[in-house]
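Just so you know, all these numbers are worked out from the coordinates, no wet-lab data involved. Computed from a predicted structure; not experimentally measured.
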Amino acid sequence: MKKPALRWLSKVLAHNRLTLVLLVLAGPIMAGHKVKASELNVMVNESVMVAELSRSELRQIFTGQRQYWSDGTKITVFVLQDRDELHKQFCRDILQMFPYQLSRLWDQITYSGQGLTPVRVTSYQALIDALENTTGAIGYVERTDIVKLRRVEVDLK
């Protein structure tokens, strides 16, 4: 009687070990695309003549408190959807806030009539296209090899 029970237990443990190994190996794939903070790049349209922004200035822009560049050009902010992993990482790593906090600030600005929310695009390629084709645009991407965009250094202090 003990032998069949031990065989059954042995099979269960072997199956669980295999499942655990598969989960460990598949974890990074199932977790979605992760980008290191060092690979996140703040990019502006080639019409914007800004080379560096502090974290504070970037937060002012992305929260709608600053709406014009120093030359008077209107700032148009483009972001991905709140559920997009790149957007979540940008909010956490660069702005040091959660996406829902940013959305609440945008809602306050919109409903109080003090400004407009950033333009939410539906895909990464749509984000790149919008940044390339909109004067005064700012957003974030993973790549820096996009011809019509200029990378902005962010002072994270």
Could you give the length gained by full extension between Asp145 and Ser70, i.e. 0.36 nm per residue of separation minus their alpha carbon distance, to one decimal place? 24.4 nm
In terms of the alpha carbon gyration tensor, root eigenvalues a ≥ b ≥ c, rounded if a/c is under 1.5 and otherwise prolate when a/b exceeds b/c or oblate, the stretch 32-157 is rounded
On a full-extension model of 0.36 nm per residue, what is the gain between Glu39 and Gln101, subtracting their alpha-carbon distance, rounded to one decimal in nm? 20.0 nm
For the stretch 64-72, 3J(HN,Hα) per residue [Karplus equation, 6.51 cos²θ - 1.76 cosθ + 1.60, θ = phi - 60°, Hz, x = Gly/Pro]: x, 6, 10, 10, 9, 6, 4, 8, x
For Thr76, distant residues with modelled amide H under 5 Å away: Ala137, Ile138
Which of the three applies to the stretch 70-139, rounded, prolate or oblate, going by the alpha-carbon gyration tensor with a ≥ b ≥ c and a/c under 1.5 meaning rounded? oblate
